[in-house]
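One structure is given here, and the rest of the page talks about it.
The values are calculated or read from the model by the stated rules, or taken from the named source; none is laboratory data. Values in this document were obtained by computation on a predicted structure and should not be read as measured data. Cβ: placed from backbone, ideal geometry, glycine included. Neighbour counts: every protein chain shown. With ligands, DNA and RNA removed, areas are computed over all heavy atoms of the protein, side chains included. Shrake-Rupley method; radii C 1.70, N 1.55, O 1.52, S 1.80 Å.
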Amino acid sequence: MILKEFQSYFTQELSINYPQTEIDTFFFYLMEEYLNFQRIDLVLKPDFEIPSKMLPLLENALEGLKKEIPIQYILGKTEFYGLPFRVTSDTLIPRPETEELVEWILNEVAPTKKTQIIDIGTGSGCIPISLAKHLPNATIFALDISKEALTVAKQNATLNEVAIQFIEKNILQTTHLPQRFDVIVSNPPYVRDLEKIEIKKNVIENEPHLALFVTDDAPLLFYEKIADLAAKYLTKNGLLFFEINQYLGKETVKMLKSKGFSSIELKKDHFGNDRMIKCSFII
C-alpha cells in the first residue's frame with residue numbers, strides 16, 4: 001500500500017473518534033516511529049510504498065487508537081522536558097504542566113550547588129530524571145509505591161544516563177525519609193472521584209488509577225502526609241514543591257499554613273489554572 005492511500009484509510013477509520021488535527025499528529029508519530037520519516041516526507045513522498053512488514057505494525061497501532069489507547073502507550077514512549085521516556089500502563093503519561101513544575105524548581109536551585117532532592121510518587125521518573133540532567137551536583141532520590149512503575153523509572157534513568165536512588169515505599173505508611181532534603185517535590189494523586197466525569201475516556205480506561213484518584217472526602221490526603229514529612233525532613237531554607245488539583249489551590253494553601261509552612265506561592269500553569277505550589281518550613 002502506498003503512503004497516501006494508507007493515510008486516507010487511517011483518517012477515515014479514526015474520524016469518528018478524533019479531530020483531524022489529532023489524527024494528523026498520530027499519523028506523523030507512527031510514520032516517524034516505523035518509517036523514520038520527517039513531517040516533510042509526508043508531503044514529498046505520497047507514493048512511497050510502505051514495506052509489507054510494517055503494515056501489521058501500523059494496523060495494530062490503528063486498532064489501538066480506535067480503542068482510544070493513548071499513542072504514548074502504543075509506541076511505549078514519550079518526551080518530557082526535551083528528554084526521551086519509556087511509558088507503560090503502569091505509569092502516568094507525563095503532562096506539560098509537570099514540565100512547568102520542573103522549570104520552576106530549576107529556577108530556584110543553583111546548578112553548581114550540592115543539593116539533596118527527593119521526588120515522592122515518581123511514576124515514570126520524569127521529574128527526578130529531568131532535574132538530574134540539569135543539576136549535575138544534586139543527589140536525587142525517587143520514591144513510589146509501585147514496583148512496576150519503579151522498573152520503568154529505572155529504565156528511564158539508564159536511558160537518560162543519570163543516577164537516581166529509587167525507593168519502593170507507600171508514602172502514606174512512611175514515618176521517616178532516608179535523610180534531610182533541600183527540595184522535596186511531589187505530583188501525587190489529586191483527581192477527586194467527583195471529577196472523573198471531566199477526565200477523557202482514554203485516560204480513565206488506560207492510565208493507572210492508583211496514580212490519579214483520591215476520594216472526595218480526603219482530597220488532600222497525600223499532600224497532608226507529605227507536608228508532615230517535609231516539616232521533619234526539609235533542611236533549613238529547604239523548599240517543598242507540589243503539583244496540585246486546580247480546584248483546590250486555596251484549600252492546599254490553607255492546609256500548608258496550618259502545618260507551619262511559610263512563603264507559600266501558588267502558581268498557575270500555561271492554561272491559567274492553579275497548578276503548583278512552592279513553600280518552606282519555619283524551623
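The numbered conditions (1) over 28 Å from L210 (Cα atoms); (2) open to solvent by 60 Å² or more (accessible area, probe 1.4 Å); (3) more than 24 Å from the chain's Cα centre (by Cα); (4) of a type outside the set (D, E) are all true for N60 except (1). Which residue is farthest from N237 (Cα to Cα), if the candidates are limited to region 153-167 and must be touching a Lys or Arg at 6+ places or on another chain (Cβ under 8 Å) and either exposed (fewer than 12 other Cβ atoms within 10 Å of the Cβ) or of a type in the set (S, T, N, Q) (or both)? Among those residues, the one meeting the criterion is Q155. Being of a type in the set (A, V, I, L, M, F, W, C) and in contact (Cβ under 8 Å) with a residue 24 or more places away in the chain is not true of L194. Would you confirm, using the coordinates I've provided, whether L143 is among the aliphatic types (A, V, I, L, M), open to solvent by 10 Å² or more (accessible area, probe 1.4 Å) and free of Cβ contacts under 8 Å to residues at least 60 places away in the same chain? The answer is no for L143. Taking the conditions (1) farther than 27 Å from N273 by Cα; (2) among the charged types (D, E, K, R); (3) surrounded by fewer than 16 Cβ atoms within 10 Å (Cβ to Cβ) in turn, E103 satisfies each one other than (1). Taking residues in region 225-253 that are within 21 Å of H270 (Cβ to Cβ), and partners anywhere that are surrounded by fewer than 22 Cβ atoms within 10 Å (Cβ to Cβ) and among the basic types (K, R), the pairs with Cβ atoms closer than 6 Å and at least 6 places apart or on different chains are F241/K278. The residues on offer are T78, T98, and the sole one that is within 25 Å of N237 (Cα to Cα) and either in contact with a Gly (Cβ under 6 Å, 6 or more places away or on another chain) or of a type in the set (V, I, T) (or both) is T98.
Taken over region 1-30, the criterion of being farther than 18 Å from I69 by Cα and of a type outside the set (S, T, N, Q) is satisfied by M1, I2, L3, K4, E5, F6, Y9.
Taking the criterion of being more than 12 Å from N206 (Cα to Cα) and either of a type outside the set (V, I, T) or free of Cβ contacts under 8 Å to residues at least 12 places away in the same chain (or both), the residues of region 66-93 that qualify are K66, L75, G76, K77, E79, F80, Y81, G82, L83, P84, F85, R86. Sub-6 Å Cβ pairs linking a first residue in region 38-50 that is in a loop (DSSP other than H, G, I, E, B) to a second residue that is open to solvent by 90 Å² or more (accessible area, probe 1.4 Å), at least 6 apart or interchain, are P46/K4, ordered by first then second residue. Would you confirm whether any residue within region 249-258 is of a type in the set (S, T, N, Q) and more than 12 Å from Y223 (Cβ to Cβ)? Taking every residue of region 249-258 in turn, none turns out to be of a type in the set (S, T, N, Q) and more than 12 Å from Y223 (Cβ to Cβ). All conditions but one from (1) open to solvent by 30 Å² or more (accessible area, probe 1.4 Å); (2) under 17 Å from the mean Cα position of the chain (by Cα); (3) at pLDDT 95 or above apply to S89; the one that does not is (3).
Of the helices (runs of 4 or more DSSP H) lying entirely inside region 180-283, the ones with 2 or more residues being of a type in the set (F, W, Y) and open to solvent by 30 Å² or more (accessible area, probe 1.4 Å) are found at 221-233. Residue check: E68 meets all listed conditions (1) open to solvent by less than 50 Å² (accessible area, probe 1.4 Å); (2) outside any loop (DSSP other than H, G, I, E, B) but one, namely (2). Here K53 fulfils each of the conditions (1) in contact (Cβ under 8 Å) with a residue 12 or more places away in the chain; (2) outside any helix (DSSP H, G or I); (3) not hydroxyl-bearing (S, T, Y) apart from (1).
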